[in-house]
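K.L.:
My questions all concern the structure below.
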Amino acid sequence: MPAQLLEDAAVQQRPMAPPTPRGPAGEAVLAALTDPAAEAGVVAAVDEALAATPDVLLDEDLQLALFCLYELHFGGIEGVAEDLEWSPELNAARIRIERPFEAAIRAAVPMPERPASTSAGDVAATLFALTSADSGPSLSRWLARKATLEQAREFLVQRSIYTLKEADPHSWGIPRLTGRAKAALVEIQSDEYGGGRPGRVHSSIYARTLRSLGLDDAYGAYIDLVPAVTLTSVNMMSLFAINRRLRGALVGHLAAYEMTSAVPSRLYGNGFRRLGFGEETTWYFDEHVEADAVHEQIAARDLAGGLVEGEPALLDDVLFGAAASLTVDGWPAAHMLERWGAGASSLRSPLPDAGSTDA
Amino acid sequence: MPEREEPVRIVAYPNGPLLVRGPVEIVGPDGAPLPRRRRTVALCRCGKSTIKPYCDGTHKVIGFVTEPEEPAED
């Protein structure tokens, strides 16, 4: 990249603005975040919402409530006392949602066949076969060939919920791994975080992409616009991240994510080039073509394979995490394609300034 | 420490690229250094990358294999 692209400082994010609740569970959680007297009622409100929902996976109210509860452990929420991260009531509420959430993910995700052995090579081969067989919806081809400017901006908004904290969920795995798997995870994460250069932190590069299309790069700026399905895939990563017992799933998730990123990233970049955008916009995607071609090898063999070789009992969780990435992370893509195919917005309401860009 | 300098290490990943770690210069035919944007780089081995000499994952799309198939038994 040209030198001037590197000179900008990294983006300093602040705790996100409190989102708007989407139902009684979210109202109870948001109330408890600013009013200590409301904490005691959170678990009951969550239980009621869980009892009433037909599908916890796509429940707008519960997914937003869970997202807020996780955010206390990540970047925080503006105006919320920091010690609420370990509030017994709020953690109890989170666990109440997590249990049926995890069960529903496990029910929705088809488990792949086990490898012939738990050697790193066999685990890697199984993961490569699994991820190359993925015939999920091709959002990247839509972006490359068809997407309008409005759809391209919606795509960036949908992705912003994760990508402005890209790599953070998987960093929770570092103290929970040892040996070869730990070294592999740290090598990948170091690259995600710019290899010591603040301007190259992937989430900062993504912020530039957002700005180049006239979009807000503050963490959570578009939280009220994204549908439950987008929150579900981010919440699943947080579920795998903050629960040590799910470290195998976290590793499998990262492996599958890296293994399905390099080729689509080239197509995303092509889409923005087709729409007339330059390097400032496409750097993020171009960076991922090269980076993820490196990461996928390390992630499949040394991280996932190394973990299973060292802890064979984690094999099924690694496979589950990989399959969950393919299935659940495919849902927002399928949602965007379905809505755009019908000529509609993929957001809960269209972007307020649709159409205006800096390009 | 048994050695002060780690040697350059190239790992040949099955059906994939060569991962290069360590202090090695990657240069063009004129000797001018090629951009190296990360500590560990993957060099294309299938010949079809769009960002050669680096890997872009294309080997998976074209079904590139590094190991010769076992000869058929007869």
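The values are calculated or read from the model by the stated rules, or taken from the named source; none is laboratory data. Since this is a predicted model, take the numbers as computed values, not measurements. Note that we place each Cβ from the backbone using ideal geometry, even for glycine, and neighbour counts take in every protein chain shown. Surface areas here come from the heavy atoms of the whole protein model, side chains and all, with no ligands, DNA or RNA. Shrake-Rupley method; radii C 1.70, N 1.55, O 1.52, S 1.80 Å.
K.L.:
From A:ALA299, A:ALA313, which residue is surrounded by fewer than 17 Cβ atoms within 10 Å (Cβ to Cβ) and not aromatic (Phe, Trp, Tyr)?
P.N.:
It is A:ALA313.
K.L.:
Go over the candidates A:ILE223, A:ILE188 one by one and state the one that is under 28 Å from A:GLU280 (Cβ atoms), in contact (Cβ under 8 Å) with a residue 40 or more places away in the chain and in contact with a His (Cβ under 7 Å, 6 or more places away or on another chain). Lay out the reasoning, then the answer.
P.N.:
Values: A:ILE223 fails: in contact with a His (Cβ under 7 Å, 6 or more places away or on another chain).
Selected residue: A:ILE188, the only one of A:ILE223, A:ILE188 that is under 28 Å from A:GLU280 (Cβ atoms), in contact (Cβ under 8 Å) with a residue 40 or more places away in the chain and in contact with a His (Cβ under 7 Å, 6 or more places away or on another chain).
K.L.:
Hey, another quick one. Being in contact with a Lys or Arg (Cβ under 9 Å, 6 or more places away or on another chain) and over 21 Å from A:PRO332 (Cα atoms) narrows it down to one residue among A:THR281, A:THR230; which is it? If you could, list the steps in order and put the result at the bottom.
P.N.:
On the way: A:THR230 fails: over 21 Å from A:PRO332 (Cα atoms).
Being in contact with a Lys or Arg (Cβ under 9 Å, 6 or more places away or on another chain) and over 21 Å from A:PRO332 (Cα atoms) holds for just one of A:THR281, A:THR230, which is A:THR281.
K.L.:
State which residue is most open to solvent (accessible area, probe 1.4 Å) when the search covers only segment A:258-294 and only residues that are within 13 Å of chain B (Cβ to nearest Cβ) and part of a loop (DSSP other than H, G, I, E, B).
P.N.:
A:THR260
K.L.:
Still on this structure, I have one more. Any chance segment A:230-245 includes a residue that's open to solvent by 10 Å² or more (accessible area, probe 1.4 Å) and not in a helix (DSSP H, G or I)? Lay out the reasoning, then the answer.
P.N.:
Restricting attention to segment A:230-245, the residues satisfying the condition of being open to solvent by 10 Å² or more (accessible area, probe 1.4 Å) are A:233, A:242-245.
Cutting the leftovers down to not in a helix (DSSP H, G or I) gives us A:243.
Yes; the residues of segment A:230-245 include at least one that is open to solvent by 10 Å² or more (accessible area, probe 1.4 Å) and not in a helix (DSSP H, G or I).
K.L.:
Answer with yes or no whether A:GLY173 is in contact (Cβ under 8 Å) with a residue 40 or more places away in the chain, more than 18 Å from the chain's Cα centre (by Cα), open to solvent by less than 10 Å² (accessible area, probe 1.4 Å) and under 18 Å from A:ASP292 (Cβ atoms).
P.N.:
On the way: in contact (Cβ under 8 Å) with a residue 40 or more places away in the chain: yes; more than 18 Å from the chain's Cα centre (by Cα): no; open to solvent by less than 10 Å² (accessible area, probe 1.4 Å): yes; under 18 Å from A:ASP292 (Cβ atoms): yes.
Taking the combined requirement at face value, the residue does not satisfy it.
K.L.:
State whether one or more residues within segment A:236-247 are more than 23 Å from A:GLU85 (Cβ to Cβ) and touching a residue at least 40 places away in the same chain (Cβ under 8 Å).
P.N.:
Here is the first cut: in segment A:236-247, the residues more than 23 Å from A:GLU85 (Cβ to Cβ) are none.
So far as segment A:236-247 goes, no, none of its residues is more than 23 Å from A:GLU85 (Cβ to Cβ) and touching a residue at least 40 places away in the same chain (Cβ under 8 Å).
K.L.:
Any residue in segment A:122-148 that is in the same structural domain as A:ALA255 (by TED's automatic domain parsing) sitting within a Cβ distance under 7 Å of a residue that is open to solvent by 60 Å² or more (accessible area, probe 1.4 Å) and at pLDDT below 95? List the pairs, counting only those 6 or more apart or interchain.
P.N.:
Listed by first residue and then by second, the contacts come to A:SER132/B:LYS60.
K.L.:
Conditions first: (1) more than 8 Å from every other protein chain (Cβ to nearest Cβ); (2) at pLDDT 95 or above. B:TYR54 passes all but one, so which condition is the exception?
P.N.:
(1)
K.L.:
Same structure again: For the subset of segment A:103-141 comprising residues that are more than 14 Å from chain B (Cβ to nearest Cβ) and open to solvent by less than 20 Å² (accessible area, probe 1.4 Å), which member is farthest from A:GLY179 (Cα to Cα)?
P.N.:
At the first step, the residues of segment A:103-141 found to be more than 14 Å from chain B (Cβ to nearest Cβ) are A:103-114, A:116-118, A:136-137, A:139.
Among the residues that remain, those that are also open to solvent by less than 20 Å² (accessible area, probe 1.4 Å) are: A:105, A:109, A:139.
Details: A:ILE105: 30, A:VAL109: 30, A:LEU139: 37 Å.
Once the filter is applied, the top-ranked residue is A:LEU139.
K.L.:
Going residue by residue through segment A:317-332, is there one that turns out to be over 17 Å from A:LEU185 (Cβ atoms), within 14 Å of chain B (Cβ to nearest Cβ) and in a helix (DSSP H, G or I)? Explain how you work it out, then say what you get.
P.N.:
Let us first name the residues in segment A:317-332 that are over 17 Å from A:LEU185 (Cβ atoms), namely A:319-320, A:323-324, A:326-332.
When the remaining residues are screened for being within 14 Å of chain B (Cβ to nearest Cβ), the result is none.
No, every residue in segment A:317-332 fails to be over 17 Å from A:LEU185 (Cβ atoms), within 14 Å of chain B (Cβ to nearest Cβ) and in a helix (DSSP H, G or I).
K.L.:
Test A:LEU210 against the stated conditions and say whether it is crowded, with 22+ Cβ neighbours inside 10 Å, within 14 Å of another protein chain (Cβ to nearest Cβ) and either more than 19 Å from A:ILE77 (Cβ to Cβ) or in contact with a helix residue (DSSP H, G or I) (Cβ under 7 Å, 6 or more places away or on another chain) (or both). Lay out the reasoning, then the answer.
P.N.:
Working: crowded, with 22+ Cβ neighbours inside 10 Å: yes; within 14 Å of another protein chain (Cβ to nearest Cβ): no; either more than 19 Å from A:ILE77 (Cβ to Cβ) or in contact with a helix residue (DSSP H, G or I) (Cβ under 7 Å, 6 or more places away or on another chain) (or both): yes.
In short, no.
K.L.:
Answer yes or no as to whether A:ALA125 is in contact with a helix residue (DSSP H, G or I) (Cβ under 6 Å, 6 or more places away or on another chain) and at pLDDT 95 or above.
P.N.:
Details: in contact with a helix residue (DSSP H, G or I) (Cβ under 6 Å, 6 or more places away or on another chain): no; at pLDDT 95 or above: yes.
Spelling it out, it is not the case that A:ALA125 is in contact with a helix residue (DSSP H, G or I) (Cβ under 6 Å, 6 or more places away or on another chain) and at pLDDT 95 or above.
K.L.:
Also, quick follow-up: Please name all residue pairs, on different chains or six or more residues apart, with Cβ atoms under 6 Å, provided the first residue is in segment A:56-79 and is more than 15 Å from A:ALA228 (Cα to Cα) and the second residue is β-branched (Val, Ile, Thr).
P.N.:
A:GLU71/A:ILE77; A:HIS73/A:ILE242
K.L.:
Another one. Scan segment B:17-67 for residues that are touching a His at 6+ places or on another chain (Cβ under 8 Å) and surrounded by fewer than 16 Cβ atoms within 10 Å (Cβ to Cβ) and jot them down.
P.N.:
B:LYS48 - this is the single residue of segment B:17-67 that is touching a His at 6+ places or on another chain (Cβ under 8 Å) and surrounded by fewer than 16 Cβ atoms within 10 Å (Cβ to Cβ).
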